[in-house]
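This report refers to the structure that appears directly beneath it.
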Amino acid sequence: MSKEKSASTPATKPTRKTAAPKVKSPAEEADSAHAAKTAAAKKKPATTHAAEKKAEVAAPATAPVAAKAEPTPAPAPVTAAPAPVTAPAPAASPAPAAPAASPAPAAPTAPISKIVIMKPPIVVKELAAKMGLKPFQLIHDLMELNIFATLTQTIDEDTARKLCVKKGFTFEIEKRERGAGQVHAPVKVVEPPKPTPPKPTELQSRPPVVTIMGHVDHGKTSLLDAIRSTRVAAGEAGGITQHIGAYTVKRGTQSITFLDTPGHAAFTAMRARGASVTDIVILVVAADDSLMPQTIEAINHARAAKVPIIVAINKIDLPGANTTRVKAHLQEQGLVPEEYGGDTIVCEVSATRKIGIEKLLEMMLLQAEILELKANPHGSGRGVIIESQIEQGRGPTATLLIQSGTLRLGDAALCGPFFGRIRAIVNDVGQNIKEAGPSMPVKILGLNGVPSPGEELTTMRNEKETREIGEERAAKLRLGKLEAPPRVTLENLFATIADGQRKVLKVILKGDVQGSVEAIVSSLSKIESKKIDLEVVHAAVGPISESDILLAKASQAIVIGFNTKTDNSAANAAKREGIQIKLFSIIYELIDQVKDAMVGLLDPELRETQLGTAVVKQVFKLSKFPVAGCSVSTGRIVRNARARVVRRKQPIYDGGIHTLKRFQDEASEVRAGLECGIRLGDFNDYEEGDIIECYQLEKFTQSL
């Protein structure tokens, strides 16, 4: 009986709280089980939050077991069953952790390659897809490069490469194994028809276009200022007009259009472009300075354009003025004044005191009458780009001189590879106008890029045709860049081999307007040097951007800005990457700094400076090495300097002076008339009569 009690004890232990008797009927056992459940339910609120979670996890596993256990009359299996079932439940519970393995959605970004391979034409939308980016991101980057593109617009290889470098990709053009030479076939540019010659009855008189030329600081801007009765000359940096301006001046019922070209020699390209669109050249010469190199250069440009010249001798009010000398110098250049029997009109003026201004204007209008300047104001507008730039809040703008027809608001315009609808026309005083006729200088908005000065702008009826022609022109330019094979000759092959040792200064140039950029590039190309090359990696209009810094880092170039600013992101990138940025507002300072930078890249030149000579009188054969007993004949012999042994006028050794002694004492130097002992490096073959020349090598800065 005691054994039975001990055997039943474990079964009754979990239900001690019910205080049930040891022997029960089946009905009593069922009641006690029900009481145990209610007691457990009352204790549940006292359990911890963690226990509740475990119970919730275990519940699905225990529920089926409990359902099976209810019909069983014995309570022991019911109370013991939850323990083995709930214990393994936490071990099996990692199933809910499966969502942690759900990073699968991020997988699509992995296949994006860091090498972008495309074949022309390169469309913005397709390039963005290749890089796994939204197209608007590339459009934003293109705006930083002063390129205003649409999703379906094509870009050139260089621009695509810059975009890829900025985004951390490498750009490659897909190579064609066959038929590479046939790539030009699809590009057929259908140019707009040239205007038919107007009938004489359609022609009307137009205002003359006058260009003011001359040497720097001879008073060109001051003269135009006096004519316009404005005070803009004082604001010019360094006394130089920084970009071409176009103005209209009215005199009674007649008008004159002026182009103010910069006078410095560095702006040769801009001045030549000004002469190509002008009718009359006003050559300004200072009475106290006479003709200068830039004056003669201006004369040559005007002659090449076959444009008549009117000479304005300025500053006649100064004490050192000598108009007779100026006229004599003009005659030497083939400009014979009318008073000397020639046909060159010469006017004596003072821009500051407004002396002779009216007579000068009268001579301009008289010359215009002789030239019989006429144009057809009807038909589509055509003109020449004088200047172009990127303006904040406006985008690309272009200063245009209308040559024929009438330019109207809303016209579809085409200029080189750029196109667009004219959204605004602004005259020379800043007023918005609806149309502009011949000889009128206006600023237009609406082109999708910055055209080069000197390009012709035409208007067309169909905007779709304008877009197609512009895109075809851009494709033709791009293919010309990509596939123009280099011409290989024996001469340039040898030059290439020699150039392997030449150093190169690479420059990235940003300017305020296209004319300034082109003029600076032209000036830099004229810097001649047989020792170092100058390469303009990139030249464009606009502020210095972060993409310029990235390009400079990749090209190992310096960044130069002319009359432009640096973006904050570009400044931070330059500091981070260690790229040098130089900003200038005066052209000749920029050129001088570039020359200094080129000189700085050259290794210092070593020059030999003679210190003295000594003659070997006797050779002392010591145990370890021989020593030359010498008499210093000229100058001085210096220890640790270099020396050359000359025998019968032929150098046989060159090295350093290892030992220099006077008798038994070490000497730092020995002067002429004294004797000394000399040992040179590893040279041991001294002979009496040898001459030892002492010299030192000094470093000197090389010149270009």
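The values are calculated or read from the model by the stated rules, or taken from the named source; none is laboratory data. Because the structure is predicted, anything quoted here is derived from the model rather than measured. FYI the Cβ positions are ideal-geometry reconstructions off the backbone, even for glycines, and counts take in every protein chain you see.
Details
- Matching residues in segment 120-149 - criterion: being at pLDDT 80 or above and in a loop (DSSP other than H, G, I, E, B): 132, 133, 134
- Candidate set from segment 608-622 (those that are more than 15 Å from residue 637 (Cα to Cα) and among the aliphatic types (A, V, I, L, M)); member that is surrounded by the fewest Cβ atoms within 10 Å (Cβ to Cβ): 622
- Pick from segment 445-467, criterion touching a residue at least 40 places away in the same chain (Cβ under 8 Å) and in contact with a Lys or Arg (Cβ under 8 Å, 6 or more places away or on another chain), ranking: surrounded by the fewest Cβ atoms within 10 Å (Cβ to Cβ): 456
- Residue 689 vs. criteria over 30 Å from residue 535 (Cα atoms) and exposed (fewer than 15 other Cβ atoms within 10 Å of the Cβ): yes
- The set of residues in segment 292-314 being touching a His at 6+ places or on another chain (Cβ under 8 Å) and modelled with pLDDT of 90 or more consists of 314 alone.
- Some residue of segment 522-541 being of a type outside the set (Lys, Arg), crowded, with 24+ Cβ neighbours inside 10 Å and either within 23 Å of residue 390 (Cα to Cα) or in contact (Cβ under 8 Å) with a residue 24 or more places away in the chain (or both): no
- Residue match in segment 396-403 (condition: touching a strand residue (DSSP E or B) at 6+ places or on another chain (Cβ under 6 Å), touching a residue at least 60 places away in the same chain (Cβ under 8 Å) and not in a strand (DSSP E or B)): no
- Scanning segment 650-682 for residues that are surrounded by fewer than 18 Cβ atoms within 10 Å (Cβ to Cβ) and of a type in the set (A, V, I, L, M, F, W, C), we see that the one that is modelled with the lowest pLDDT is 663.
- Consider segment 558-570 and keep the residues that are at pLDDT below 90 and of a type in the set (A, V, I, L, M, F, W, C). The one that is surrounded by the fewest Cβ atoms within 10 Å (Cβ to Cβ) is 558.
- Residues in segment 218-245 that are modelled with pLDDT under 80 and under 20 Å from residue 298 (Cα atoms): 7 in all.
- Close contacts from segment 360-379, counting a first residue that is under 23 Å from residue 198 (Cα atoms) and a second that is of a type in the set (S, T, N, Q) and surrounded by fewer than 18 Cβ atoms within 10 Å (Cβ to Cβ), with Cβ to Cβ under 6 Å and a gap of 6+ residues or different chains, come to 374/205; 377/204.
- Counting only residues that are of a type in the set (S, T, N, Q) and either in contact with a strand residue (DSSP E or B) (Cβ under 7 Å, 6 or more places away or on another chain) or assigned to a loop (DSSP other than H, G, I, E, B) (or both), segment 566-612 holds 6 of them.
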